[in-house]
There are 6 protein chains.
Amino acid sequence: MTNDVFERGLAIRKDVLGAEFVEKSFAAADDFNRPMQELVTEYCWGAVWGREDLSRKTRSMLNLAMISCLNRPHELKMHVKGALKNGVNRDEIREIFMQVAIYAGIPAGVDSFRIAREAFAEVDSAKG
Amino acid sequence: MTNDVFERGLAIRKDVLGAEFVEKSFAAADDFNRPMQELVTEYCWGAVWGREDLSRKTRSMLNLAMISCLNRPHELKMHVKGALKNGVNRDEIREIFMQVAIYAGIPAGVDSFRIAREAFAEVDSAKG
Amino acid sequence: MTNDVFERGLAIRKDVLGAEFVEKSFAAADDFNRPMQELVTEYCWGAVWGREDLSRKTRSMLNLAMISCLNRPHELKMHVKGALKNGVNRDEIREIFMQVAIYAGIPAGVDSFRIAREAFAEVDSAKG
Amino acid sequence: MTNDVFERGLAIRKDVLGAEFVEKSFAAADDFNRPMQELVTEYCWGAVWGREDLSRKTRSMLNLAMISCLNRPHELKMHVKGALKNGVNRDEIREIFMQVAIYAGIPAGVDSFRIAREAFAEVDSAKG
Amino acid sequence: MTNDVFERGLAIRKDVLGAEFVEKSFAAADDFNRPMQELVTEYCWGAVWGREDLSRKTRSMLNLAMISCLNRPHELKMHVKGALKNGVNRDEIREIFMQVAIYAGIPAGVDSFRIAREAFAEVDSAKG
Amino acid sequence: MTNDVFERGLAIRKDVLGAEFVEKSFAAADDFNRPMQELVTEYCWGAVWGREDLSRKTRSMLNLAMISCLNRPHELKMHVKGALKNGVNRDEIREIFMQVAIYAGIPAGVDSFRIAREAFAEVDSAKG
């Protein structure tokens, strides 16, 4: 599965989640999960993130709001880090998660704040 | 319940959802739902929408994504119309709901597109 | 499927949802949905509603909160009417749905208030 | 967007949902929802439904279970009809929705039974 | 943000979740999450928990049911402990989670029982 | 609570989840969770899994799809192992979770793949 959309998706995915993480994911893939890695890269990162009309910063903001509502902590932490790379600052992340608290409920908001603080701590500690 | 946060919320709510709609909601309220109308106005529209650090346009975009995930068609249609007022254009709404389709699943995306088209038709027909 | 638990469930279900409604449901059942009618009656109404340690009033209050979160409007309207029969008054229903608005988010709260008002209108009109 | 995966998806989508319905969807598409129609056709129907290792009958069964849990009545009705075309019989649909009732809760089960009966009635009436 | 509703909320929150926990939360707050701490205290604990018409015991019972449905284990454990403080006994908690199992599905029920047992163990061990 | 349906459920539950696990669950049960253990065994495993018209393999496949959508990782891991016992192979599990990714969204799919790999690793290591 190598085509233009896949290649565009691979480049964007590396930009947002980090080249090392993405390369490790493909290297660790086996027959069980390789088709999933390819699907995610081509369709999610190529066919949708690769579209114009919304900036990467806006797409990251939407993802933080959605993944909070969908209640997926592993993915949320990864996308908090990706959002920082895409230029969403910590004040904006606070505002997004306060809006989550209103629309998806206080427990969704509280969980998202805790995960964001974990993500920030990991980012700060990686920077030394 | 009249205080600064409530008043700020009332003004923003009227801007986004339309003054006529909001006034009708309060006029139609009885002892059963008046406390809810007041809570929504103060807490949602005053204490959160009234905060700085995110533009109204961005808040509308987040709402479209979240309310799609939360699967609330009545609220979604109202916020599609509010988003148009806040400067989100139809191309951007398409992009938001395609991103919903990827992150919350195809049925969430398909439902949101159908509701958006209903909202657009109502807006276009109101304009004559 | 007639046994003690089923019979107890049938009696409670008739008390809460109305004997006429329940009898009509069984009369209208065919090979497709009769096993489901029986499962619901025995398992939901007999094995759980039939337990002691919580009053029917409390069980109705829990149901209003849960079915709002689960986003099932048909079932919610039926259980609003059932709650009134079980002694939950309209002020208490308002409080439950305001708590829903905080914990499950504003759209869940707004939808539940709208459905409650529809249920009240139907109950009031049936009384003449 | 014409490529092998899209073409394969288009053929499967027509088989399962009906050629007339799919052609009407594309004919009615405008700049707003055409990209979504293309994404769904290529990604959902081509890249996933087009994969081997699961029969169409099994994929339909999974969809009924999932779309019940996801609480999307429009999509569920369409996929009940699609499941009948893919060889899932009414007894099997009953079993799927009873399992939904246990794992996703009684309200999810009850809603799914009601929608299935509506779908059956429409199918039976179309047959004359 | 000090006003009557906030102060009432702060007192209730300390009563239910423990003064030490709440004070530690505020002491640990920074510019990122302080606004969220304030929002939760004022609106959730002041504007809603502070209302009359439902006892704290009933509000705790509703929360256990809702937070189980919303699938938020951290918040659920905290509210199991809060419920014990508000006079909900362990038999009643069992009944609530059996009703969750019926309405939100077996996996929701099983998860909630596991979390309750963890909360009980922590409470028992804190007592020595 | 010993009756035919309970006994049938107990046997099926032991077949699918392992006799040792089920016996340990009952042995560890106390007054708090024994009624839940009994309810699950009789209704979930006896009254539904014990029905004909769907094979155990098909029921396991439905469960993997549903429990992914319902976002319950503990239960999902247990049912991945149960599915292997019921004859669902790893290629089929991959296909189920790719279909989850499309219908319930990428984060649901990614989480399910990660949990499946953990389950496979535990199964492989138990085999030595």
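The values are calculated or read from the model by the stated rules, or taken from the named source; none is laboratory data. What you see is a predicted model, and the numbers here were worked out from it, not measured in a lab. Backbone-built Cβ (ideal geometry, glycine too); neighbour counts: all protein chains shown. Note: accessible area is taken over every heavy atom of the protein model, side chains too, but ligands, DNA and RNA are not part of it. Shrake-Rupley method; radii C 1.70, N 1.55, O 1.52, S 1.80 Å.
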Quiz item: Do we find that residue F:67 is within 28 Å of residue A:68 (Cα to Cα), of a type in the set (Val, Ile, Thr), at the interface with another protein chain (Cβ under 8 Å from one of its Cβ atoms) and under 14 Å from the mean Cα position of the chain (by Cα) in this structure?
Solution: yes
Quiz prompt | Which numbered condition residue F:17 misses (of (1) surrounded by fewer than 21 Cβ atoms within 10 Å (Cβ to Cβ); (2) within 14 Å of chain E (Cβ to nearest Cβ); (3) more than 19 Å from residue F:116 (Cα to Cα)) | solution = (3)
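Yes or no, residue by residue, for (1) more than 20 Å from residue C:106 (Cα to Cα); (2) without any contact (Cβ under 8 Å) to a residue 12 or more places away in the chain; (3) within 13 Å of the chain's Cα centre (by Cα); (4) not assigned by TED's automatic domain parsing to the domain that holds residue E:123:
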position: E:9; (1), (2), (3), (4): no, no, no, yes
position: E:15; (1), (2), (3), (4): yes, no, yes, yes
position: E:30; (1), (2), (3), (4): yes, yes, no, yes
position: E:62; (1), (2), (3), (4): no, yes, yes, no
position: E:72; (1), (2), (3), (4): no, yes, yes, no
position: E:77; (1), (2), (3), (4): yes, no, yes, no
Quiz item: Which ones in segment C:41-53 are free of Cβ contacts under 8 Å to residues at least 24 places away in the same chain and either more than 13 Å from chain E (Cβ to nearest Cβ) or aliphatic (A, V, I, L, M) (or both)?
Solution: C:48
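Yes or no, residue by residue, for (1) of a type in the set (Gly, Ala, Ser); (2) buried (at least 18 other Cβ atoms within 10 Å of the Cβ); (3) over 30 Å from residue B:74 (Cβ atoms):
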{"site": "A:12", "(1), (2), (3)": "no, yes, yes"}
{"site": "A:32", "(1), (2), (3)": "no, no, yes"}
{"site": "A:41", "(1), (2), (3)": "no, yes, yes"}
{"site": "A:48", "(1), (2), (3)": "no, yes, no"}
{"site": "A:72", "(1), (2), (3)": "no, yes, no"}
{"site": "A:82", "(1), (2), (3)": "yes, yes, yes"}
{"site": "A:85", "(1), (2), (3)": "no, no, yes"}
{"site": "A:97", "(1), (2), (3)": "no, yes, no"}
Quiz prompt | Filter result for residue B:117 (facing another protein chain (nearest Cβ under 10 Å) and out of contact with any helix residue (DSSP H, G or I) (no Cβ under 9 Å at 6 or more places or on another chain)) | solution = yes
Practice problem: Kindly establish whether residue A:95 is touching a Lys or Arg at 6+ places or on another chain (Cβ under 9 Å) and either of a type outside the set (A, V, I, L, M) or more than 10 Å from every other protein chain (Cβ to nearest Cβ) (or both). | Solution: yes
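Out of F:108, F:116, F:104, which single residue is farther than 25 Å from residue D:109 by Cβ and open to solvent by less than 40 Å² (accessible area, probe 1.4 Å)?
From the options F:108, F:116, F:104, the qualifying one is F:116.
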Self-check item: Hits in segment D:60-97 - residues which are assigned to a helix (DSSP H, G or I), closer than 26 Å to residue D:28 by Cβ and among the charged types (D, E, K, R)
Solution: D:75, D:77, D:81, D:85
